[in-house]
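Below: one structure, written as structure tokens.
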Amino acid sequence: MKVFPIKFEVSTWKYTKLFHTHLLLNIVTLGLYSAWSNIRTRQFFYSQAHINDSSFRYDAEPIKIMNFRLIIFTIIAFLVASEFYSTLLTAILLTGFLFIFPELANYHINYRLTHTSFRNIRFSFKANYREAFIVFGLILLTVPLSLGLTYPYFVYRKNQYIYNSISYGKTEFTFNSKLIHYYEILGNVILNLIFAIALIMFTSKSLTVLAHTQGLEILVSILIASAFLIYNWAYLITHKFNYDLEGIEIGDIRFQSDLVFSKVLSIMTINFFIVIFSLGFLVPVAKLRLLTYKMSMISFCIDSEWQTLKAADSTTTRSLTERVQALTGIKLGLGT
């Protein structure tokens, strides 16, 4: 079996300059520039992801993204305003939004994918309103009603719907991860939360008895809570990223994601101090450190020899080489 990694090399200085330039423009324009900054950031990262000396392209139009955001903003504004007039009106609008949201989600996913390409071949998305309504309407609605217990099921069904609807040219993808993996993540997060709460309570009582200082008690509680958040965030990123990516398959081709929890935790802990001590100025450095590690751990596996792949019949709809190489763009297209 051959394993082929992604080459991802980004200049820290270039991204930091890009990040702060976009931040300044967003502040000056009161957020109106956000559509342009979003696209240009994507274009910057896509161009740095190389497979066999070929990179990805993203050619979306900022004005269309801005129009889409204005539609969302208008809907939310109507919902908020309706609360001052009638509870019944709010209920009617919320019900209507429940039916509209799946179509908006389909449009959002489809637009990003159809403007993402590799070797001049675009990705596509086969939208299905019925499935989207089940996932982004009914299942999503159960998340707050179940106090988050159905969230892993929502994530699993969302991935299943999205990835099973994606194609590169005429080559379709399948998502074969298991639901139990996502509930394992939730279970461990809940156990960690219980442990953190117990530790904070025990520490608070101990400090109250020993030091009689409320300020110290609050400080220690904040430190424990921060450590808990970083630990669980790293845990979520590591395992969800691995499960998501390794669930994507096409024929004999599969993905390999080797994120290591201890490494992600180390990066995120250092990132925390980088952001704190730089007063937020080095946020792009922190983001890039984690992203670079994640990309370096992605590879695709195939049983055939590379030379055999390169010699695939060029008259077919898509050469096997192109299909394999394009697959790694899925995460780039949906994960940001």
Which residue pairs have Cβ atoms under 6 Å apart, sit 6 or more places apart or on different chains, and have a first residue in region 288-300 that is over 15 Å from residue 51 (Cα atoms) and a second that is aromatic (Phe, Trp, Tyr) and surrounded by 16 or more Cβ atoms within 10 Å (Cβ to Cβ)?
288/15
Taking region 163-172 and keeping residues surrounded by fewer than 19 Cβ atoms within 10 Å (Cβ to Cβ) and not in a strand (DSSP E or B) leaves 164, 169, 170
Evaluate region 184-205: report whether one residue or more is within 30 Å of residue 255 (Cβ to Cβ), touching a Gly at 6+ places or on another chain (Cβ under 9 Å) and modelled with pLDDT of 80 or more.
yes
Within region 246-293, can you find the residues that are under 23 Å from residue 176 (Cα atoms) and outside any loop (DSSP other than H, G, I, E, B)?
246, 248, 249, 250, 253, 254, 255, 256, 257, 261
For residue 215, work out the one condition from (1) at pLDDT below 95; (2) assigned to a helix (DSSP H, G or I); (3) closer than 30 Å to residue 187 by Cα it doesn't fulfil.
(3)
Restricted to region 88-114, and to residues that are under 27 Å from residue 39 (Cβ atoms) and out of contact with any helix residue (DSSP H, G or I) (no Cβ under 9 Å at 6 or more places or on another chain), which residue is surrounded by the fewest Cβ atoms within 10 Å (Cβ to Cβ)?
114
Assuming residue 68 fulfils every condition listed in (1) farther than 22 Å from residue 287 by Cβ; (2) out of contact with any His (no Cβ under 8 Å at 6 or more places or on another chain); (3) hydrophobic (A, V, I, L, M, F, W, C); (4) in a helix (DSSP H, G or I) apart from one, which condition is it?
(2)
Taking residue 112 as meeting all but one of (1) among the charged types (D, E, K, R); (2) touching a residue at least 60 places away in the same chain (Cβ under 8 Å); (3) more than 30 Å from residue 180 (Cβ to Cβ), write down the number of the exception.
(3)
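It is to be established whether one or more residues within region 75-89 are aliphatic (A, V, I, L, M), in contact with a strand residue (DSSP E or B) (Cβ under 7 Å, 6 or more places away or on another chain) and part of a helix (DSSP H, G or I).
No; the residues of region 75-89 include none that is aliphatic (A, V, I, L, M), in contact with a strand residue (DSSP E or B) (Cβ under 7 Å, 6 or more places away or on another chain) and part of a helix (DSSP H, G or I).
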Got a sec? Which of 218, 270, 253 is without any contact (Cβ under 8 Å) to a residue 12 or more places away in the chain and either buried (at least 19 other Cβ atoms within 10 Å of the Cβ) or of a type in the set (A, V, I, L, M, F, W, C) (or both)?
218
Only one residue in 177, 146 is hydroxyl-bearing (Ser, Thr, Tyr), loosely packed, with under 15 Cβ neighbours inside 10 Å and modelled with pLDDT of 90 or more, so which one is that?
146
Please list, ordered by first then second residue, the pairs with beta carbon atoms under 7 Å, 6 or more apart or interchain, first in region 74-102 and under 24 Å from residue 142 (Cβ atoms) and touching a residue at least 40 places away in the same chain (Cβ under 8 Å), second surrounded by 11 or more Cβ atoms within 10 Å (Cβ to Cβ) and small (Gly, Ala, Ser).
98/137
Just need a number here: residues in region 47-63 that are assigned to a loop (DSSP other than H, G, I, E, B) and in contact with a Leu (Cβ under 9 Å, 6 or more places away or on another chain).
0
For region 2-44, what are the residues that are hydroxyl-bearing (Ser, Thr, Tyr) and either surrounded by 13 or more Cβ atoms within 10 Å (Cβ to Cβ) or part of a helix (DSSP H, G or I) (or both)?
12, 15, 16, 21, 33, 34, 37, 41
One residue from 269, 321, 238, 328 being modelled with pLDDT under 90 and out of contact with any strand residue (DSSP E or B) (no Cβ under 9 Å at 6 or more places or on another chain):
321
Filtered residues of region 42-54 (kept if free of Cβ contacts under 8 Å to residues at least 60 places away in the same chain and hydroxyl-bearing (Ser, Thr, Tyr)):
47
Consider region 113-136. How many of its residues are in a helix (DSSP H, G or I), of a type outside the set (Phe, Trp, Tyr) and over 12 Å from residue 162 (Cα atoms)?
3
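The values are calculated or read from the model by the stated rules, or taken from the named source; none is laboratory data. Just so it is clear, the structure is predicted and the values come from calculations on it, not from any experiment. All Cβ positions, glycine included, derive from the backbone under ideal geometry; neighbour counts span all protein chains shown.
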